[in-house]
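The values are calculated or read from the model by the stated rules, or taken from the named source; none is laboratory data. Predicted model, so just to flag it, every value in this text is computed and none were measured. Here the Cβ is made from the backbone with ideal geometry for all residues, glycine too, and neighbour counts use every protein chain on show. Ligands, DNA and RNA are stripped out before the accessible areas are found, and what is left, the full protein with its side chains, is counted by its heavy atoms. Shrake-Rupley method; radii C 1.70, N 1.55, O 1.52, S 1.80 Å.
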Amino acid sequence: MKSIIWTLSFLTIFISANSYAQSTQKFNDSIVAYPELKGLATYDYIIRNNEEVKNGKFTYFFNSQDTLNEEYTNKIRVNGNYRHNFKSDNWQFIHKRFKPTSIPIVDGYSVIHKSAGVEHLVDVPFKNGIATGEGSVITNQIKNSELHKNLFSASANFDKNYFVGEFEAKSDSLRITGEIDENGLFTNTWIFEHNRNNEIIVEKRYYEKGVLVNHEIIRQDVTYEIEHIGLSKNPDDDGEWLTINANKDYFNIILRANIGKKAEGRSTELTDAIIENSNLFLKHSLISFREFNHIDIWKINEDNTHIYLPKLRVRKFPYTVEEKALISTATKQINESKQIINQYLKDPQVELNKHAYRELALYYEVYVEYIDELKKLEKVFELLNFPSYEFINREEIMPYIFEGIEYPEIVTFTYKDKTSEEKIRFPKNVSVEETTIQVLANHASEMLAMLKEKLEVVEPIIDRNRKRFEIEDKEKLLLLKRDSVKILFTNQLDDENFNSFHTRFASQFVSKSEEVFVNYAKLDIEDRIEMTDNALSCMQHLINSYNQFTQLEYKIERLEEVYTRVVWNPFTFTDMHEIVKERVYNAYKKDLLPFLLDGLEEINSCEQIAAKMDNFKLVYERMRELRDQDTKEIERELRRVHDPVKISSTLSMKLELD
């Protein structure tokens, strides 16, 4: 009897195992596991009801040359297990970006390199397709095929695809520790420990039921409280509360509530930088468990696995219909006012003719007075247009984002070299204390109306002058050239060839360009038509001078090289440098060149600029010729001669010395 039972049992096991073995199949082919990333996948599956069911080990491999730097190769590898089409046990995502760093070594039939780069590893456990258990993220720097340094690490616990329990993330410059409750909400104290140039700055955020209730920064044993003005910090407050993910929307709310006037004794810039770095690092750390380079790493081949970010709660202060309308209208009016001001101030006809027409000169300064006040309005409505401001109490924060508007009673302006003052009607001043959306919107409307009113005065003048077609384009070019002189000689372009000659003559040449421009602008229209070409020519001489100064430094250095020879000293066993044709070279370098440079400072006309700048070219060419000529007679004549005029004559240089 026992023999029969054992036989039946054995047969049952054998048949069952054989049946399983027959139904299990292996896939080994290319798949598009992620969008546009076609790689090789290997996995076990069974057929159930004529459908493929993954069941067993899964591996995916992708390899490609880096698109930004061809030295590097990118590799993605995913390892895990499926159980009846659901992710099970531990899954690992690996990304490596390596480049070879050694001479290739032949090993059998393979060629091997040592490598360097970065590897990124994400481990998350799953149960029935749901993230459950402790996960980790590690980013390492690799050198010579060995671990060189850990760049980033993070650990978190998951339950039902949600972060729960303790969370930690760290890099060289920042370490975060915090806790997430069973509902996926931030809770208790989150600590952000910053290392800035070996100085430890600690930021603490305190949460209750997902609500930020307190925020502080500790630096050098001093604690600074971050107010977050307008943000509700009591989780039991009445009102409309929303639960949102820990993403950029929430961090924008936190950052927006930290603007405006700051407490004395702390750096606004440093505080904002600390908070923003914390937000960016926290966001990166959380997302790293589910994404890499915008790849949703657990959504393999249209798999719907998704890990949810932790959540926070914020109170909403929704805009009323009236407020939305006011903000929209005011924003358009501010943009229109800005356009009117910019067009007027940048109009070449205005800048040219304000020296000839009193109204243009006056309203130019009036419009300038509007600029700063308009910027204050623009800043407020720019903030009010951010979606994050619906989560901030505007009544509380408004005094902190608005500086008040105050116009002068008297405007000072210059007309035909005479300074005058005039009383101007501006919109009503706005104090910080009376600030509301309605008040600021009314001010934006009043400002636009007054700008248009003033435009009606000056537009006819501008239009009349625009009719001077024969010189309009030339005057635009004149403005451009004048500005170019200033830009060049003040090195606003950070020219690597900017040298001491540019610096020496910058003030003189910039002043000359302004003098030429103003003198031209003061002329009557008829006289301008006659003088436009002369003014343009003068500006061009000044611009050419900038380029000639650049070449002058090179030419001086080149002549020194040409007149220097290397002689071997047998006593010291070294090369010695000596000047050849020393009297010729010294006469040029010590007497003639300084004289010519000093002469530039006495220039009165543009014609003199061109002529005297040409002197340097003539000197350079003649000095190159003399290097290859017999100069014994010239050197004899130069003995004890230091007069630049006599030197130029002796050297046969036809220079403009008057």
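Using only helices, what value at 222 nm comes out for the chain when you add -39,500 (n - 2.57) per DSSP H run of length 4 or more and divide by the total residues, to the nearest 500 deg cm²/dmol? Please list the in-between numbers first.
Values: 16 runs with 277 residues, N = 658.
It lands at -14000 deg cm²/dmol.
Compute the relative contact order of the stretch 299-438 as a whole-number percentage, counting only Cα pairs closer than 8 Å that sit 6 or more residues apart in sequence.
27 percent
Taking the full set of protein chains and a 1.4 angstrom probe, give the accessible area of Ser500 in square angstrom, rounded to the nearest 10.
80 Å²
Longer than 23 Å from Cα to Cα, which of Lys38/Lys143; Lys590/Lys617; Lys512/Lys612; Lys418/Lys481 are they? Say none if no pair is. Don't skip to the end; give the middle numbers.
Numbers: Lys38/Lys143 29 Å; Lys590/Lys617 17 Å; Lys512/Lys612 15 Å; Lys418/Lys481 26 Å.
Check vs 23 Å cut-off fails for Lys38/Lys143; Lys418/Lys481.
Which of the following values of Cα Rg over 2.2 N^0.38 Å was calculated from the structure shown: (1) 1.50; (2) 1.25; (3) 0.96?
The value matching this structure is (1).
Run the simple label-point estimate for Val321 and Lys486 please: 7 Å along Cα→C-beta, distance reported in nm.
A separation of 5.1 nm, rounded to one decimal place.
Work out the length of the dipole vector of the stretch 114-225 about its Cα centre, built from +1 on the beta-carbon of each Lys and Arg and -1 on the beta-carbon of each Asp and Glu, and round it to the nearest 20 debye.
Here the stretch 114-225 has a charge dipole of around 420 debye.
Please work out how much length the chain gains when fully extended from Leu68 to Asp296, using 0.36 nm per residue of separation minus the C-alpha to C-alpha distance, in nm with one decimal. If you can, show how the numbers build up before the last one.
Numbers: separation 228, 0.36 × 228 = 82.08 nm, distance 2.15 nm.
Working it through step by step, the gained length comes to 79.9 nm.
Using a 1.4 angstrom probe on the protein heavy atoms only, could you order Leu362, Leu68 from most to least accessible area? Numbers along the way, then the final one.
Details: Leu362 5, Leu68 165 Å².
Solvent-accessible surface, decreasing: Leu68, Leu362.
With a 1.4 Å probe and every protein chain left in place, work out the accessible area per residue of the stretch 28-170 in Å², rounded to a whole number.
Details: 8190 Å² over 143 residues.
Solvent-accessible surface per residue comes out at 57 Å².
If you roll a 1.4 Å probe over the heavy atoms of the protein chains, what accessible area per residue do you get for the stretch 587-631, in Å²?
Result: 50 Å² per residue.
By a straight-distance test (C-alpha under 19 Å), which lysines pair with Lys209 as possible cross-link partners, with residues fewer than eight away in the same chain excluded?
Cα-Cα hits under 19 Å: Lys233, Lys311, Lys316.
Give me the accessible area of Asp249, 1.4 Å probe, in Å² rounded to the nearest 10.
Accessible area, nearest 10 Å²: 90 Å².
Just to confirm my numbers, what's the Cα centroid distance between the stretch 484-501 and the stretch 373-433 in Å?
For the stretch 484-501 versus the stretch 373-433, the Cα centre distance is 36 Å.
Of all the accessible heavy-atom surface of the stretch 283-344, with the other protein chains kept in place and a 1.4 Å probe, what percent is carbon and sulfur? Mind dumping the intermediate values first?
Working: 1490 of 3160 Å².
With neighbouring chains kept in place, the figure for the stretch 283-344 is 47 percent.
Can you send over the solvent-accessible area of Lys75, 1.4 Å probe, protein chains only, in Å² to the nearest 10?
Roll a 1.4 Å probe over it and Lys75 shows about 70 Å².
Using a 1.4 angstrom probe, figure out how much accessible area the stretch 336-487 has per residue, in square angstrom, rounded to the nearest whole. Working shown, then result.
On the way: 7730 Å² over 152 residues.
Normalised by residue count, the accessible surface of the stretch 336-487 is 51 Å².
Say R0 is 25 Å: what FRET efficiency, to the nearest 0.05, do Phe386 and Glu166 get from their beta-carbon distance? Write out the running numbers ahead of the final one.
Values: r = 33 Å, r/R0 = 1.33.
With R0 = 25 Å, the Cβ-Cβ based efficiency is 0.15.
At what distance in nm do the modelled label points of Lys75 and Ser145 sit from each other, each positioned 7 Å from its Cα along Cα→Cβ?
So the two model labels end up 1.1 nm from each other.
Would you mind putting 353-360, 191-198 in packing order, based on average other-beta-carbon counts within 10 Å, highest first? Kindly include the intermediate steps, with their values, before the conclusion.
Values: 353-360: 19.6, 191-198: 13.8.
Result, highest mean Cβ count within 10 Å first: 353-360, 191-198.
On full extension of the chain, what length is gained from Asp524 through Asn128, given 0.36 nm per residue of separation minus the C-alpha to C-alpha distance? Kindly include the intermediate steps, with their values, before the conclusion.
Working: separation 396, 0.36 × 396 = 142.56 nm, distance 8.84 nm.
Here the answer is 133.7 nm.
In whole percent, what relative contact order does the chain give with Cα contacts below 8 Å and a gap of six or more residues? If you can, show how the numbers build up before the last one.
Numbers: 1031 pairs, mean separation 41.7, N = 658.
The normalised contact order for the chain reaches 6 percent.
Could you list, in their original order, any pairs among Lys338/Lys376; Lys149/Lys283; Lys346/Lys376; Lys338/Lys452; Lys354/Lys476 whose Cα atoms are separated by more than 19 Å?
Beyond 19 Å between Cα atoms: Lys149/Lys283; Lys346/Lys376.
Return the distance in nm (one decimal) between the two label points of a simple spin-label model at His113 and Phe61, each offset 7 Å from Cα along Cα→Cβ.
Taking the two extended label points, one gets 1.9 nm.
Based on the Cβ-Cβ distance from Val641 to Asn534, what FRET efficiency comes out when R0 is 45 Å, to the nearest 0.05?
Details: r = 39 Å, r/R0 = 0.88.
Given R0 = 45 Å and the Cβ-Cβ separation, E is 0.70.
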